[in-house]
Amino acid sequence: MLALDVILAGRRALLVVAVDAEANALRRGFGLAEASHAAWSCVELTDRLDLVVTGVGKSNAAGATARTLAPIRHAAVLNVGIAGALPREGAEPLALASLVAATQSTLADEGMLAPTGFQSLAQMGFAPMPASGADGMSVAAHAPLLEALGPLVNATDPVATVSTCSANDALARDVALRTGALAEAMEGAAVGTVALALHVPFLEIRAISNTTGDRDRQTWNIRAALDALARLAATL
């Protein structure tokens, strides 16, 4: 897209995914053959896009991003992958295979669970991202990136980053209410933390693969979500 070209200004974007299935969905979208990717290793996909597969979870995501993100080379970081749709008050969750661009990526379960409820690290006085200008727990999307790629998705709202997935209704409602997020995944805010520290523009985009809440009532379609990622890649 022309707008993305303007943001990159002759440099490259780093695409950060958790697993090979997400990486290969992007490769299909770019018309490339599927491949097995070594974790934490940066590979060139196109003349302006690099890719790193991190492994699942915050620590893998932060470590791999810190190892591969080079501000002199990369003008943007895009964390791309699948996610679970959180419940919405008075509305249905996002449909499976929907794409959501995160207006902010929020650390949803870093803190303390007390008898009176959950307190975030920021509420405890230990904000992990005080430079974010948000709530100390979130990385805001880079506005020009969100403007450029927002038209390609179905929704633009916060996305929660969790270590414990919401497989019961109470936890899913709690995460949604505390963060205002439409979806939850396991890497976004960790990738964003590194991007924030290195002053590289950041955006998280997720395809909905499943609903959250009680496990026996969840619905899943990972293939449709990966196909949505492939279609997204084709536009990049």
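The values are calculated or read from the model by the stated rules, or taken from the named source; none is laboratory data. In this text, all values refer to a predicted model and were calculated from it rather than measured experimentally. So basically every Cβ, Gly included, is an ideal-geometry build from the backbone, and we count neighbours across all protein chains shown. Just so you know, the surface numbers come from the protein's heavy atoms only, side chains and all, with ligands and any DNA or RNA stripped out. Shrake-Rupley method; radii C 1.70, N 1.55, O 1.52, S 1.80 Å.
Assuming 0.36 nm per residue, please report the length gained on full extension of the stretch Leu113 to Ala3 beyond their Cα-Cα distance.
35.3 nm
Considering the values (i) 29; (ii) 33; (iii) 21, which represents percent of Cα pairs over 29 Å apart as calculated for the structure under consideration?
(iii)
How do the peptides 70-79, 175-184, 106-115 rank, highest first, by the average count of neighbouring beta carbon atoms within 10 Å per residue?
On the way: 70-79: 19.5, 175-184: 23.2, 106-115: 17.9.
Highest to lowest by the protection proxy: 175-184, 70-79, 106-115.
Express in nm, to one decimal, how much length is gained between Leu177 and Leu121 on full extension, taking 0.36 nm for each residue of separation and deducting their alpha carbon distance.
Additional length available on full extension: 18.5 nm.
Rounded, prolate or oblate for the stretch 105-224? Axes are the square roots of the Cα gyration tensor eigenvalues, ordered a ≥ b ≥ c, and the cut-off for rounded is a/c under 1.5.
Here the stretch 105-224 falls in the oblate category.
Sort the stretch 54-142 into rounded, prolate or oblate with this rule: let a ≥ b ≥ c be the square roots of the eigenvalues of the Cα gyration tensor; rounded if a/c is under 1.5, and if a/c is not under 1.5, prolate when a/b is larger than b/c, oblate otherwise.
Oblate is the answer for the stretch 54-142, as a/c is 1.5 or above yet b/c matches or exceeds a/b.
Taking the alpha-carbon centroid of each part, what is the distance from the stretch 169-201 to the stretch 96-132 in angstrom?
The stretch 169-201 and the stretch 96-132 have Cα centres separated by 6 Å.
Go through Phe202, Phe126 and list them by solvent-accessible area, largest first, probe radius 1.4 Å.
Per-residue accessible area, sorted high to low, gives Phe126, Phe202.
Please list 3J(HN,Hα) in residue order for the stretch 70-86, calculated via the Karplus relation 6.51 cos²θ - 1.76 cosθ + 1.60 where θ = phi - 60°; whole Hz, with x for glycine and proline.
10, x, 6, 9, 9, 9, 7, 10, 10, 8, 10, x, 9, 7, x, 7, 8
Using r as the Cβ-Cβ distance of Val19 and Thr46, and R0 as 22 Å, what FRET efficiency do you calculate, to the nearest 0.05?
After rounding, the FRET efficiency stands at 0.60.
Where does the chain land at 222 nm, in deg cm²/dmol rounded to the nearest 500, when only DSSP H runs of n ≥ 4 count, each adding -39500 (n - 2.57), divided by all residues?
For the chain, the value works out to -8500 deg cm²/dmol.
Heavy-atom accessible area of Arg48 with all protein chains present, probe 1.4 Å, nearest 10 Å²?
Surface open to solvent at Arg48 totals about 40 Å².
Quick check: the angle from helix 169-179's long axis to the longest principal axis of the chain, C-alpha only, nearest 10 degrees?
70 degrees
Carbon and sulfur atoms: what percent of the 1.4 Å accessible area of the chain do they account for?
56 percent
Output ³J(HN,Hα) for the stretch 213-218: one whole-Hz value per residue in order, computed from phi by the Karplus curve 6.51 cos²θ - 1.76 cosθ + 1.60 with θ = phi - 60°, and x for Gly and Pro.
Per residue, the Karplus-derived 3J(HN,Hα) values read x, 3, 4, 6, 10, 5 Hz.
Whose amide H sits under 5 Å from the amide H of Gly136, counting only residues 5 or more places off or on another chain, with H placed in the peptide plane?
none
May I ask you to evaluate 6.51 cos²θ - 1.76 cosθ + 1.60, the Karplus curve with θ = phi - 60°, for each residue of the stretch 227-236 and list the ³J(HN,Hα) values in order in whole Hz, giving x for glycine and proline?
4, 5, 5, 4, 5, 4, 4, 4, 8, 8
To the nearest 10 degrees, how steep is helix 20-29 against the longest Cα principal axis of the chain, on a 0 to 90 scale?
Approximately 50 degrees, to the nearest ten.
Can you list residues from other chains, or at least 5 along the same chain, whose modelled amide H is less than 5 Å from the amide H of Thr103?
Correct list: Asp157, Val159.
Write down the accessible area per residue of the chain in Å², having rolled a 1.4 Å probe over the full set of protein chains. Don't skip to the end; give the middle numbers.
Numbers: 10110 Å² over 236 residues.
Value returned for the chain: 43 Å² of accessible area per residue.
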